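Okay, structure first, notes after.
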Amino acid sequence: MTPRATRVLVLNSGSSSVKYQLLDMADSSRLAVGLVERIGEESSRLVHTPLVSGPGGKRERTGGIADHTAALEAVAAELAHDGLGLDSPELAAIGHRVVHGGLKFSAPTVVDDAVLAEIERLVPVAPLHNPANLTGIRTAQRLRPDLPQVAVFDTAFHTTMPEHAARYAIDTATADAHRIRRYGFHGTSHAYVSRRTAELLGKDPSEVNVIVLHLGNGASASAVEGGRCVDTSMGLTPLEGLVMGTRSGDIDPAVTFHLKRVAGMSVDEIDELLNKKSGLVGLCGDNDMREIRRRVEEGDERARLAFDVYIHRLKKYIGAYTAVLGRVDAVAFTAGVGENAAAVREAAVAGLENLGLAVDAERNTVRSDEPRVISPDGARVVVAVVPTDEELEIARQTFALVERTDDDASPALRTSIA
Ligand code: AMP
């Protein structure tokens, strides 16, 4: 008897890297995780960790990974070595993270030529990410042409934003001609964390309003009303919103004209300044919150200012999304900083007692990988730490779609282009 296909390979393809995880959706367990980096360089490297019992721990291989095809072939070889090969009948699908799905993709979608063409059409609004995501999909298609390839979009969760939240107040014809509007990113994380937060509260997602603070190297906030996103801090690109590791977040757009006219910078230089040399790194030279906290403890003034700017922006978004939602049931902190930096969580809600927000000092400093409440008992708003798991969410959405597609031959279900 052929085993039931319950495995999903999740691929997150960047311009010179591929992160991957193989999951078994029968019990949501991870079978292997890994990363290929510096693809095309002499120092290219694959780090593979099998998580099933068998041939042992982490393996590394360096050099000789010329392109994405070579990278995926190397990944396939490592998986085969562990008895988890891509030719296994247990592999149900490959789920791909795709950063920009525009307005058309409001749900995970089985990839066909029309879907590939649409992702390509969105390259002008995601020039760094969508080409790499496309390369990953095309390479995986070549490796397993018979297998469903599913695109899971970072923007999808935010397509429920009402028009008044998504529109920029600029000339409508110009905006429409160039598809300029707020799309939002990190959607897979916001979807996962808002649902897990509802579970933590013992409620159905449709019953709760949650502010999700995804604070990683990139950072974004979202207002989720009854399971649907109604506002988020990133916009046309991931540059808008919170202060991030290397991105400025919100600034007066006239800063860019000023940099061009007065400082004589080119558009590419300004792009690089705001995306790569701003945020925490621009303010104090470090983008790692651990290092910033260490410097703050030592009395470093620049690190202190960077921390304060970061927290001030975060507070403004908590206040704004409280106003957007009207009633807030929970605020959930997630991602590298949100899950680990107790000082950030404490500072972000300090002084917001009038909004019903507080953290319990002891609960806030407990270290755990589990979702947990850090507000005092009886607080009006539950403050929680909810570790994100974007790969599990991509695998879950991918598997749900292919299972559904298997059950129903209707072509309408094969893609969910709105
Ligand atoms: P992410 O993008 O979600 O992987 O988050 C990466 C960021 O998380 C790093 O740049 C650090 O700033 C932050 N981070 C990771 N661990 C800690 C920690 N223990 N304390 C404070 N910040 C942390």
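Kindly indicate the residue of segment 274-288 that is small (Gly, Ala, Ser) and part of a loop (DSSP other than H, G, I, E, B) and also farthest from residue 309 (Cα to Cα) among those meeting that condition.
This residue is 285.
Looking only at strands (runs of 3 or more DSSP E) that lie completely in segment 8-103, which have at least 3 residues being surrounded by fewer than 18 Cβ atoms within 10 Å (Cβ to Cβ) and more than 25 Å from the chain's Cα centre (by Cα)?
59-62
Out of the residues in segment 312-352 meeting the condition of being over 15 Å from residue 383 (Cβ atoms) and small (Gly, Ala, Ser), tell me which one is nearest to the ligand (Cβ to nearest atom).
336
Taking the conditions exactly as written (out of contact with any Leu (no Cβ under 8 Å at 6 or more places or on another chain) and either surrounded by 21 or more Cβ atoms within 10 Å (Cβ to Cβ) or on the phi > 0 side of the Ramachandran plot (or both)), does residue 244 satisfy them or not?
Spelling it out, it is not the case that residue 244 is out of contact with any Leu (no Cβ under 8 Å at 6 or more places or on another chain) and either surrounded by 21 or more Cβ atoms within 10 Å (Cβ to Cβ) or on the phi > 0 side of the Ramachandran plot (or both).
Is there any pair with a first residue in segment 322-339 that is touching a residue at least 24 places away in the same chain (Cβ under 8 Å) and within 16 Å of residue 188 (Cβ to Cβ) and a second that is more than 16 Å from the ligand (Cβ to nearest atom) and not polar (S, T, N, Q) whose Cβ atoms are under 7 Å apart and which are 6 or more apart or on different chains, and what are they?
Cβ pairs passing all conditions: 332/210; 332/384.
How do the strands (runs of 3 or more DSSP E) wholly within segment 167-267 filter down when requiring 1 or more residues that are among the small types (Gly, Ala, Ser): which remain? Spell out how you get there, then give the answer.
Details: elements: 209-215, 219-225, 228-232.
Fully inside segment 167-267 and qualifying: 219-225.
If you scan segment 144-166, which residues turn out to be loosely packed, with under 14 Cβ neighbours inside 10 Å and outside any loop (DSSP other than H, G, I, E, B)?
First, pick out the residues of segment 144-166 that are loosely packed, with under 14 Cβ neighbours inside 10 Å: 145-146, 162-164.
Of everything in segment 144-166, those that are loosely packed, with under 14 Cβ neighbours inside 10 Å and outside any loop (DSSP other than H, G, I, E, B) turn out to be 163, 164.
State the number of residues belonging to segment 98-118 that are over 17 Å from residue 10 (Cα atoms) and of a type in the set (Ser, Thr, Tyr).
1
Quick check on residue 309: is it of a type in the set (Val, Ile, Thr), surrounded by 14 or more Cβ atoms within 10 Å (Cβ to Cβ), more than 17 Å from residue 341 (Cβ to Cβ) and away from the ligand (no atom under 13 Å from the Cβ)?
Considered against the rule, which asks whether it is of a type in the set (Val, Ile, Thr), surrounded by 14 or more Cβ atoms within 10 Å (Cβ to Cβ), more than 17 Å from residue 341 (Cβ to Cβ) and away from the ligand (no atom under 13 Å from the Cβ), residue 309 comes out as no.
Results for (1) acidic (Asp, Glu); (2) within 16 Å of the ligand (Cβ to nearest atom); (3) exposed (fewer than 14 other Cβ atoms within 10 Å of the Cβ); (4) modelled with pLDDT under 95, shown as yes or no for each residue.
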site: 231; (1), (2), (3), (4): yes, no, no, no
site: 234; (1), (2), (3), (4): no, yes, no, no
site: 254; (1), (2), (3), (4): no, no, yes, no
site: 270; (1), (2), (3), (4): no, no, no, no
site: 275; (1), (2), (3), (4): no, yes, no, yes
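Quick one: how many residues across segment 284-312 are within 12 Å of residue 347 (Cβ to Cβ) and not β-branched (Val, Ile, Thr)?
Matching residues across segment 284-312 total 7.
Residues in segment 341-369 that are free of Cβ contacts under 8 Å to residues at least 40 places away in the same chain and either part of a strand (DSSP E or B) or out of contact with any Ser or Thr (no Cβ under 7 Å at 6 or more places or on another chain) (or both): how many?
Number of matching residues: 18.
The values are calculated or read from the model by the stated rules, or taken from the named source; none is laboratory data. Please read all numbers here as calculations on a predicted model, not as lab measurements. No Cβ is skipped: glycine too gets one built from the backbone with ideal geometry, and neighbour counts run over all protein chains shown.
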